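Okay, here's the structure, questions in a sec.
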Amino acid sequence: MIGFFLRRLGESMLAIWGVVTIVFFVTRVLGDPAALLLPIGASAADIEALRDQLGLNQPLMVQYFHFVTSALQGDFGTSFQHGRDAMDVVLERLPATATLALTAIALGLVIGAVAGSVAALKRGSAVELLVMAVALLGQATPVFWLGIMLILCFAVNLGWLPTGGYGTIWHLILPAVTLAVFVSASIARLLRSSMLDILQEDYIRTAKAKGLLRSTVFFWHVARNALIPVVTMTAILTGELLGGSVVTETVFAWPGIGRLIIQAIEAKDFPIIQAGITLIAAIFVLINFLVDLLYGVLDPRIRKAR
């Protein structure tokens, strides 16, 4: 286990370093932020002075070395727009993104697990056909269109909920439901497929032949093993949502990390972009590491193999 932890830790650090390096060089392609930060009509001398102040006149590899050494200490520089520590600005948006993401994942897991289980147990029936049709529609529906339709229906026409913003549970409902539709549809289809495969296994037939209760067979043998691919899917979706659901946050004016990064890209605010992407990469790496540990809990064979 010690070797496994050390290997995964090394892989995780390498992945984060790769993301940080790519983001650093890609942001330099966006253009010169100095021209954006100064008033229209600023002289070339003023632009050059600002570039020198921001350290943009240094050779690219020198900038990269300073960036990496500072990032190792948690310092991603000062935001060009906000005039504050970039990581502090990004972390201020994390609670909003986390609230939206975790609510959507929780809703999606509950709805998807129930729908997928029902579809698997009712294989070949009209119920399965209906559940899978709805799930397919949920996956195929564009998020921005669904969000706008929910706003028109529940906010504009009925007036039950706010059109956007952040602060109360009522502001959370529409964006969370918008994201939960895709999450639940993905989980329902995957869980159904996984459960159908497991129901054909020899050990399931043996458990039934022993006279075990249907509920025992379902929850202890079928559902437990079927959860392994669902855990992977949930981890991927959680990482994506915690990374910022750009479209949903934009449609509902939700002040999350994704929306902040898009605004930073438009303003060529390198420190915010770099801090935001690094935080997202770290979240992905941490989630994947936790999923590896959870695999061992769900399936002892995986634990013993390691």
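The values are calculated or read from the model by the stated rules, or taken from the named source; none is laboratory data. All values derive from a computational prediction rather than experimental measurement. Using ideal geometry, Cβ is built from the backbone for each residue, glycine included, and neighbour counts are taken over all protein chains shown. Side chains included, ligands, DNA and RNA excluded: accessible areas come from the protein's heavy atoms. Shrake-Rupley method; radii C 1.70, N 1.55, O 1.52, S 1.80 Å.
Take the residues in the range 91-130 that are part of a helix (DSSP H, G or I) and of a type in the set (D, E, K, R), then tell me which one is least open to solvent (accessible area, probe 1.4 Å).
E128
Before we move on, is L161 part of a helix (DSSP H, G or I) and free of Cβ contacts under 8 Å to residues at least 60 places away in the same chain?
Considered against the rule, which asks whether it is part of a helix (DSSP H, G or I) and free of Cβ contacts under 8 Å to residues at least 60 places away in the same chain, L161 comes out as no.
For the range 149-156, check the following and say yes or no: at least one residue is among the small types (G, A, S), open to solvent by less than 40 Å² (accessible area, probe 1.4 Å) and assigned to a helix (DSSP H, G or I).
Yes, some residue in the range 149-156 is among the small types (G, A, S), open to solvent by less than 40 Å² (accessible area, probe 1.4 Å) and assigned to a helix (DSSP H, G or I).
With respect to the numbered conditions (1) more than 21 Å from A282 (Cβ to Cβ); (2) modelled with pLDDT of 75 or more; (3) surrounded by 15 or more Cβ atoms within 10 Å (Cβ to Cβ), which one is the sole condition not fulfilled by Q58?
Condition (3) is where Q58 drops out.
Which condition from (1) touching a Pro at 6+ places or on another chain (Cβ under 9 Å); (2) more than 26 Å from T78 (Cβ to Cβ); (3) surrounded by fewer than 24 Cβ atoms within 10 Å (Cβ to Cβ) is the one that F252 breaks?
So the condition that F252 fails would be (3).
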